[in-house]
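Structure record follows, encoded as C-alpha cells.
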C-alpha cells in the first residue's frame, strides 16, 4: 500500500495531478513551471470573460507566469491562488 494521500478535485485541476494546496507536488512533471503556466492561463481566461473595454495584452501572460513562479515557493500565496482560481 502506498502512503499517498488521495486528492480531490475537478478534472484538469492541479489536485488531479497530485498538487496539494500550498504543498509540494506528488508528480515531478507538474512542477513550478507547469503550475505557473496553469494558473496564468486560468487567470487570463477569467479576465477575458469580464470583457472589459481595454482587455488584456496577449504578452501579459509571460509577466503573469513570472510573477506566479515567485509565488510557488510561498505557501500562503500559493494556497491563496489555488483556492481563488
Among the residues of the range 38-68, which ones are part of a helix (DSSP H, G or I) and over 17 Å from residue 84 (Cβ atoms)?
60, 61, 62, 63, 66
Among the residues of the range 12-22, is there at least one that is modelled with pLDDT under 85 and exposed (fewer than 14 other Cβ atoms within 10 Å of the Cβ)?
yes
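The values are calculated or read from the model by the stated rules, or taken from the named source; none is laboratory data. All figures in this text were calculated on a predicted structure; none of them were measured in a lab. Glycine gets a Cβ as well: all are built from the backbone with ideal geometry, and neighbour counts include every protein chain shown.
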